[in-house]
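In what follows, a structure is listed as structure tokens, so that the remarks can point back to it.
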Ligand SMILES: Nc1ncnc2c1ncn2[C@@H]1O[C@H](COP(=O)(O)OP(=O)(O)OP(=O)(O)O)[C@@H](O)[C@H]1O
Ligand SMILES: [Mg+2]
């Protein structure tokens with residue numbers, strides 16, 4: 001039993017691994033703390049002042065943002081715009097998802113045609129993803145003007161970038177082993193995609209598409225303000241007319257829609273998983 | 001004429017990792033060959049070169065009259081459908097039913113479109129059910145594969161490869177994730193397929209005792225080179241130690 005006192009042999013770099021981990025954690029903590037301080041100083045952020053203004057803001061909102069009779073009479077019009085916005089978001093997301101799926105097949109480790117093509121696919125996806133949809137909208141305003149197409153493409157681009165990346169990861173994670181087996185039976189790439197990749201990754205893919213639909217309904221409101229379309233435009237209109245009670249009805253209806261969509265997509269997720 | 005011939009095959013991964021060095025051997029129709037060797041010695045690489053999941057760096061492989069390395073896309077398809085493969089982790093499409101997975105074995109024979117939409121003929125379905133019956137999986141035919149036990153999954157893997165009407169079955173550690181009794185069932189099926197259907201089998205095996213029991217020929221490889229090629233009876237204890245490069249006593253196998 002004297003063996004227990006003997007130190008187990010370790011490779012030379014073992015201790016340094018533990019030290020290094022501790023150091024990493026300490027550095028990360030200090031880094032976050034420093035970031036907070038720096039950003040607080042730079043933005044002149046006064047915590048106390050900020051907190052004090054909260055009650056005032058709440059009172060102001062309670063006084064102005066309550067739908068009145070005039071606002072309620074506008075409800076049918078608001079709802080029609082809301083439905084329009086929701087349908088556009090769904091259409092955009094589905095279009096982007098289909099394009100992203102086939103594009104992502106060129107970017108995965110398992111189904112790619114060549115490593116350099118996969119790298120280009122990832123770069124393109126990163127580019128589309130990292131430009132925020134609002135920025136896309138502003139850029140596209142120059143070419144399309146204030147038009148529904150501007151919003152459509154702005155959402156399309158960012159959704160396409162985001163979904164391409166997640167699809168690549170999903171496919172590599174869940175389909176790699178069956179893809180290999182299907183290739184080994186002599187199946188062609190297209191056969192492998194339809195018999196292996198799609199069945200095994202479909203639930204994850206649908207789940208991501210649902211998530212993007214939720215996100216896009218939210219974003220489309222904001223983009224609508226820029227492009228003067230849909231529910232966002234309506235909000236902007238009422239707001240600028242200082243018709244706050246109608247504007248608040250718009251906000252309330254958006255919130256209800258988003259929550260409803262979320263509940264619905266959670267239901268769908270449960271069924272398909 | 002051998003059904004499979006390795007001629008001075010070498011494989012180097014990413015220009016650095018030497019996986020195989022100057023491998024030469026021939027396999028004749030109906031043989032049951034087991035490849036044994038330590039982890040990382042190149043067993044999987046040998047199998048993967050045969051159906052071109054991996055491209056060899058040097059040398060040539062002749063299978064069923066084709067020079068694998070010179071095969072174009074269409075020929076690779078021909079080669080692959082004649083060589084079934086079963087995997088340690090089964091590699092089934094878990095979310096599909098057993099019967100769908102078995103029918104995947106026909107994809108190599110189908111036009112692209114009918115494969116994509118999953119259209120199978122009545123004869124193919126009949127054959128699939130026959131194979132399932134032979135492997136004792138009739139009850140499971142419509143179950144999803146993720147509901148099966150490991151041993152059942154591996155039998156589905158065997159069924160899928162039999163659907164290919166292969167001349168050769170490549171088994172990459174078919175029983176490495178299974179308990180002893182499931183392992184025995186799988187090995188008995190493979191041995192039965194080899195004997196009654198005359199399908200040549202090459203199996204990578206971790207367990208030397210299993211290899212000795214089932215194989216008619218053993219190929220031992222160490223660090224990408226063949227160090228033994230012969231019948232199990234002639235594989236001496238010291239040879240096993242040489243293959244596994246370990247001192248006597250370190251190997252836990254109860255062989256002669
Ligand atoms: N895709 C790959 N890329 C780079 N190196 C690889 C690749 N596949 C295998 N290797 C290397 O080639 C060598 C042989 O690997 P191989 O998988 O053929 O061994 P093995 O005998 O099957 O091992 P195990 O018993 O662990 O499955 C190993 O050194 C491994 O690291
Ligand atoms: Mg292996």
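Of all residues in the range B:80-102, how many are surrounded by fewer than 23 Cβ atoms within 10 Å (Cβ to Cβ), in contact with a strand residue (DSSP E or B) (Cβ under 8 Å, 6 or more places away or on another chain) and farther than 21 Å from residue A:194 by Cβ?
Of the residues in the range B:80-102, 2 are surrounded by fewer than 23 Cβ atoms within 10 Å (Cβ to Cβ), in contact with a strand residue (DSSP E or B) (Cβ under 8 Å, 6 or more places away or on another chain) and farther than 21 Å from residue A:194 by Cβ.
Might you check whether a residue that is more than 9 Å from chain A (Cβ to nearest Cβ) and touching a helix residue (DSSP H, G or I) at 6+ places or on another chain (Cβ under 6 Å) occurs anywhere in the range B:104-116?
For the range B:104-116, residues more than 9 Å from chain A (Cβ to nearest Cβ) and touching a helix residue (DSSP H, G or I) at 6+ places or on another chain (Cβ under 6 Å): absent.
Among the helices (runs of 4 or more DSSP H) contained in the range B:39-105, which hold 2 or more residues that are more than 16 Å from ligand 1 (Cβ to nearest atom)?
Values: elements: B:43-50, B:73-81, B:98-103.
In the range B:39-105, B:73-81, B:98-103 are the helices (runs of 4 or more DSSP H) which contain 2 or more residues that are more than 16 Å from ligand 1 (Cβ to nearest atom).
Across the range B:149-184, what is the total count of residues that are more than 16 Å from ligand 2 (Cβ to nearest atom), touching a helix residue (DSSP H, G or I) at 6+ places or on another chain (Cβ under 7 Å) and assigned to a loop (DSSP other than H, G, I, E, B)?
Number satisfying all stated conditions: 1.
When the residues of the range B:1-38 are narrowed to those that are within 9 Å of ligand 1 (Cβ to nearest atom) and under 24 Å from residue B:187 (Cβ atoms), which ends up surrounded by the fewest Cβ atoms within 10 Å (Cβ to Cβ)?
For the range B:1-38, the residue satisfying everything is B:38.
Of all residues being surrounded by fewer than 20 Cβ atoms within 10 Å (Cβ to Cβ) and assigned to a loop (DSSP other than H, G, I, E, B) in the range B:200-226, which is nearest to ligand 1 (Cβ to nearest atom)? Just the residue, please.
Filtering the range B:200-226 for residues that are surrounded by fewer than 20 Cβ atoms within 10 Å (Cβ to Cβ) and assigned to a loop (DSSP other than H, G, I, E, B), the one nearest to ligand 1 (Cβ to nearest atom) comes out as B:206.
Looking at this structure, is residue B:193 touching a strand residue (DSSP E or B) at 6+ places or on another chain (Cβ under 8 Å) and closer than 22 Å to residue B:125 by Cβ? Spell out how you get there, then give the answer.
Numbers: touching a strand residue (DSSP E or B) at 6+ places or on another chain (Cβ under 8 Å): yes; closer than 22 Å to residue B:125 by Cβ: yes.
Yes; evaluated as a whole, the condition is true for this residue.
What's the number of the condition residue B:165 fails, among (1) surrounded by fewer than 17 Cβ atoms within 10 Å (Cβ to Cβ); (2) farther than 27 Å from residue B:5 by Cα; (3) at pLDDT 95 or above; (4) within 12 Å of chain A (Cβ to nearest Cβ)?
The failed condition is (2).
In the set B:64, B:72, which member is in contact (Cβ under 8 Å) with a residue 60 or more places away in the chain, farther than 20 Å from residue A:194 by Cα and more than 8 Å from chain A (Cβ to nearest Cβ)? Steps first, please.
Details: B:72 fails: in contact (Cβ under 8 Å) with a residue 60 or more places away in the chain.
On inspection, the qualifying residue turns out to be B:64.
Tell me which of these residue B:191 doesn't satisfy, since it passes every other one: (1) at pLDDT 95 or above; (2) surrounded by 19 or more Cβ atoms within 10 Å (Cβ to Cβ).
Exception for residue B:191: condition (2).
All but one of (1) within 16 Å of ligand 2 (Cβ to nearest atom); (2) touching a residue at least 60 places away in the same chain (Cβ under 8 Å); (3) surrounded by fewer than 21 Cβ atoms within 10 Å (Cβ to Cβ) hold for residue B:42; state the number of the condition that does not hold.
Here residue B:42 meets the rest and fails (3).
If we only count helices (runs of 4 or more DSSP H) wholly inside the range A:40-119, which ones have 1 or more residues that are within 24 Å of the chain's Cα centre (by Cα) and closer than 30 Å to residue A:227 by Cα? I'd like the intermediate steps shown before the answer.
Details: elements: A:47-64, A:69-73, A:75-105.
Helices (runs of 4 or more DSSP H) meeting the threshold: A:75-105.
Being surrounded by fewer than 23 Cβ atoms within 10 Å (Cβ to Cβ) and in a helix (DSSP H, G or I) is the filter here; which residues of the range A:182-200 pass it? Step through it out loud before you land on a result.
The first filter runs over the range A:182-200 and keeps only residues surrounded by fewer than 23 Cβ atoms within 10 Å (Cβ to Cβ), leaving A:188-190, A:193-194, A:198-199.
If the condition is that a residue be surrounded by fewer than 23 Cβ atoms within 10 Å (Cβ to Cβ) and in a helix (DSSP H, G or I), then A:189, A:190, A:193, A:194, A:198, A:199 are the ones that fit.
The values are calculated or read from the model by the stated rules, or taken from the named source; none is laboratory data. Predicted model, so just to flag it, every value in this text is computed and none were measured. Reconstructed Cβ throughout: ideal geometry from the backbone, glycine too, with neighbour counts over all protein chains shown.
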